[in-house]
1. Go through the residues of segment 220-235 one by one and say whether even a single one is in a helix (DSSP H, G or I), within 25 Å of the chain's Cα centre (by Cα) and either on the phi < 0 side of the Ramachandran plot or in contact (Cβ under 8 Å) with a residue 12 or more places away in the chain (or both).
2. With respect to the numbered conditions (1) part of a loop (DSSP other than H, G, I, E, B); (2) over 13 Å from residue 345 (Cβ atoms), which one is the sole condition not fulfilled by residue 359?
3. What pairs come out if I take residues in segment 283-310 that are assigned by TED's automatic domain parsing to the domain that holds residue 192 and pair them with residues that are in a strand (DSSP E or B) and modelled with pLDDT of 95 or more whose C-beta lies under 8 Å away, six or more apart or interchain?
4. Cβ-Cβ below 6 Å, separation at least six or inter-chain, first residue in segment 335-350 and on the phi > 0 side of the Ramachandran plot, second assigned to a loop (DSSP other than H, G, I, E, B): which pairs?
5. If only one of 180, 160 is over 21 Å from the mean Cα position of the chain (by Cα) and assigned by TED's automatic domain parsing to the domain that holds residue 103, which one is it?
6. Has segment 272-279 got at least one residue that is farther than 18 Å from residue 370 by Cα and in contact (Cβ under 8 Å) with a residue 60 or more places away in the chain?
7. Which residues, counting only those in segment 165-200, are surrounded by 19 or more Cβ atoms within 10 Å (Cβ to Cβ), out of contact with any helix residue (DSSP H, G or I) (no Cβ under 7 Å at 6 or more places or on another chain) and part of a loop (DSSP other than H, G, I, E, B)?
8. Under 7 Å between Cβ atoms, at least 6 apart or on separate chains: pull out the pairs that start in segment 65-80 with a residue that is assigned by TED's automatic domain parsing to the domain that holds residue 114 and end on any residue that is assigned to a helix (DSSP H, G or I).
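The values are calculated or read from the model by the stated rules, or taken from the named source; none is laboratory data. What you see is a predicted model; the values in this text were computed from it and never measured. Using ideal geometry, Cβ is built from the backbone for each residue, glycine included, and neighbour counts are taken over all protein chains shown.
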């Protein structure tokens, strides 16, 4: 997986240059880690959209269970608010793991398991998928040779990713440069500096991955009995299981930045999530359904740049709370964007009712989130058994940041 050939780690022909190491002391456990005190773990670090994740091959990990989770926690330096003794980035968006394995299905190129590693608790969650990291998985698959290179790709590689968290296939199109995933390009992602090559992701085939149905309760709209009183909500299962509700239901405007969330606001959001969990007989302490509050268009301040985003630049506002303990997202999760876009196309949902103007079937849905605007292409049709998503796409960029060997202390395993 980690070749000394520079071409093996470049994101294109000369787009990224690996810096030669001064020595080969990293190549063996005995040379750097003492007599069995540390275990070497080969890894790749990648950015996907507004997130970062450590990538591990499944074969370097113990089987699923306590031993695997303990190794992962040690690798990330959790629990610790700074994750100072590991690879974690001390933020919800950067304490993420992608486990890559051979395909478990004939219609996939690889298996991908996403893990959210808690920063302050000794917990590794596998409840959800991450759409931003899914873009990095697609680029990783191309560069690691996990996709059939005998196909006549042309300028774009098509990658079929089996996400084991949801049991669904998601499709990705990766632009190529000299047979590898391109790095440079015109695509700008709000919340990410600069621009990059656009990776297209389609989650339309992931409906019902967690519960078996696009609308797990059988309704496009439910009234949740919460500790705050009744709250109108839409619970949808596409890419990730999500509960949408009006920002006003928790005394918010929907334009808040992450720093403006008070403990009372977080408590109110958690109350809605808990009620939705109990309605579906799910563990209220788990990560799903992911709570997303929505509101009609309004101006707000871009969390990253400080610039004002005008109401006319978005179709509605959305804010997401997630993680363990729950914190507000600084951007917008890709999986929730796909789910949100589809929800906006279905009459009667909380999301659709937050629209002031019809964006039109041929136009993208523009989500106003803390770090700017995210566009989603969504189409649906009404079939005999209910609403069916035909399209749930968005663009992300991704880049390989580092690769090498990490070390885990044997004493903590």
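1. Within segment 220-235, not a single residue is in a helix (DSSP H, G or I), within 25 Å of the chain's Cα centre (by Cα) and either on the phi < 0 side of the Ramachandran plot or in contact (Cβ under 8 Å) with a residue 12 or more places away in the chain (or both).
2. It is condition (2) that residue 359 fails.
3. Taking only residues 6 or more apart or on different chains, not a single pair turns up.
4. That search, which allows pairs on different chains as well, returns 348/220; 348/221.
5. Details: 160 fails: over 21 Å from the mean Cα position of the chain (by Cα).
Just one listed residue meets the conditions, 180.
6. yes
7. The answer is 165, 182, 183, 189, 190, 191, 192, 197, 198.
8. 74/412
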